Every structure is written in C-alpha cells, then in structure tokens.
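**Student:** Mind looking over this structure? Questions follow.
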C-alpha cells in the first residue's frame, strides 16, 4: 500500500491555497464549439471533492520516480482540479486519475483547459488509453493506441509534446510524436485538444492546430487519464521548489471538433 501523506494539515492547506491562488483570476476564453457540436461528457470540477461517479484514482503506490497517493488530487472549491507533487515520507508523492469503466469513447473532440506546473522533475499529461492496448499487434483499430494529447515538461519552456504509442510496450512497441512551439505556454491558461477521426488525429493548442497525423489511429473506445508523474525525463526533481502542480479548469468531450477561435 502507498505510504500515507504526513504533511501537517495546516501546511498542506496553505500550500494548496497558494498553488490555487497562483492560477490567476480569470481563465482564458474557452474554445467555441461549432453550432452542431454535442457535448457528450464533461467535468467542470465544481465542489470540493473529486466526482467518483466520473473518475477513479489510478496506479496508487509506486509509479515512475514517485508514489501515487489520493491526497495529491484535490479540488480547490473554485472550479479547479489540482494535482500536486510534494515531498513527504522521504518520497516524491503525486497523483493520477482516470475514467476507465466509467467513460470510454471512440472519436470526437477531447479538450481540457489547463495551467501547467512550473518546476522541473515532474511532468503533467492529459491522455487517452485503451483497455485493449497491444491485444492485436498491427491492428490499432481494435486494440487502440495510447494518445498523449499533451505532455508538458517545464524545462522545455513554451513547448508541448504530443505522442502516440501502440502495439503494446514490449518488443512490438511503436510510437510517433511531435514537439510544438507554443509562445506563452509556460504561463497562464491554455486549451489543449484532440480531434480524433476514424482515419487521423489533429492536435490543437488554444484553437490552433499543432500536429496532424494518420499514424496509429485507434478505432476502439478509450478512457481519459489526467496525471502528474516524477521522472528524469523532466529534469531533476530535487531541484524543484515544492509543492508544485498542474491545475485543470475542465475536461470536455464533444461529438465534433469545436471551430478554432478567430478572435485570438
């Protein structure tokens, strides 16, 4: 079982309040759906507790260079989900949640509004996973693909990573990725989205396309994961000023891609 979080409650509350305050007063305008788009699933993160009818805690216990704990995932009571990395019990503690078994879907437009972490050593992600990944090698239509809508590492500054993984994680593993430059990404609020069609993917940041590919296209229902993980890929976590975290304002899924805004 994962070690329990022993940060004194007043210090933890103060840290989370400071992190939420750093979010800023007003999120950037959301992407506008096309007139005939249908919102099929969403979470606006209202209230003070994670909606367990929509999400489950994932991978509790050791994960990458840290330990996933429930306490790392909080709602600030102002419409935001916060996943926080802390140092406690002589380990790096962070969190991950997903919709497996509660919401799984193929195709559509998937979007979050997010404010990214600022410290090195941990990376945030909004991704889709298939419960059948690697079951049929060479057939992503039925076995699916890990779709990393975004991964963000603060040492990269204003650059965002989109990545696809398919055919399992063993000897048959295949992947394709793209790193996009997005001025201003490292501060403020941003929308990040995926247009998933039966024959291609389109990735968007703030309504602007950053990558389009026909590699590894999944044809099977997949579920959402939000995560913050510790690892050398993101730099030295020992150099980070903690607590630090990623803040999500919403996650929404539409049956058609919202049109990019024209007034940005």
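The values are calculated or read from the model by the stated rules, or taken from the named source; none is laboratory data. Note that the structure is a prediction, hence the values are computed from the model and not measured. Because the Cβ atoms are built from the backbone with ideal geometry, glycine has one as well, and the counts that use them run over all protein chains shown.
**Student:** Cβ-Cβ distance below 8 Å, separation of 6 or more or different chains: which pairs start in the range 155-178 with a residue that is within 25 Å of residue 142 (Cα to Cα) and end on one that is modelled with pLDDT under 95?
**Tutor:** So the pair list comes out as 166/134; 167/134; 168/134; 169/134; 170/134; 172/134.
**Student:** Right, something else. Collect the residues in the range 148-162 that are assigned to a strand (DSSP E or B) and either in contact with a helix residue (DSSP H, G or I) (Cβ under 7 Å, 6 or more places away or on another chain) or surrounded by fewer than 21 Cβ atoms within 10 Å (Cβ to Cβ) (or both), keeping them in residue-number order.
**Tutor:** Listed by number, the residues that qualify are 153, 159, 161.
**Student:** Residues to consider are 198, 131, 183, 120; find the one that is in contact with a helix residue (DSSP H, G or I) (Cβ under 9 Å, 6 or more places away or on another chain) and surrounded by fewer than 18 Cβ atoms within 10 Å (Cβ to Cβ).
**Tutor:** Unique residue meeting the criteria: 198.
**Student:** Need the failing condition index for residue 198 against (1) under 17 Å from the mean Cα position of the chain (by Cα); (2) on the phi < 0 side of the Ramachandran plot; (3) assigned to a loop (DSSP other than H, G, I, E, B), just the number.
**Tutor:** So residue 198 meets the others, but not (1).
**Student:** Got a sec? Which of 84, 48, 74 is within 16 Å of residue 125 (Cβ to Cβ) and modelled with pLDDT of 95 or more?
**Tutor:** Sole residue among the options that is within 16 Å of residue 125 (Cβ to Cβ) and modelled with pLDDT of 95 or more: 84.
**Student:** Considering only the range 63-96, how many residues are within 30 Å of residue 195 (Cβ to Cβ), part of a strand (DSSP E or B) and in contact with a helix residue (DSSP H, G or I) (Cβ under 9 Å, 6 or more places away or on another chain)?
**Tutor:** So the answer is 4.
**Student:** Please work out if residue 138 is surrounded by fewer than 17 Cβ atoms within 10 Å (Cβ to Cβ) and over 23 Å from residue 191 (Cα atoms).
**Tutor:** yes
**Student:** Would you mind stating whether residue 227 is in contact with a helix residue (DSSP H, G or I) (Cβ under 8 Å, 6 or more places away or on another chain) and closer than 15 Å to residue 150 by Cβ?
**Tutor:** no
**Student:** For the range 211-244, what are the residues that are part of a strand (DSSP E or B) and within 17 Å of the chain's Cα centre (by Cα)?
**Tutor:** The answer is 222, 223, 224, 225, 226, 227, 228, 229, 230, 244.
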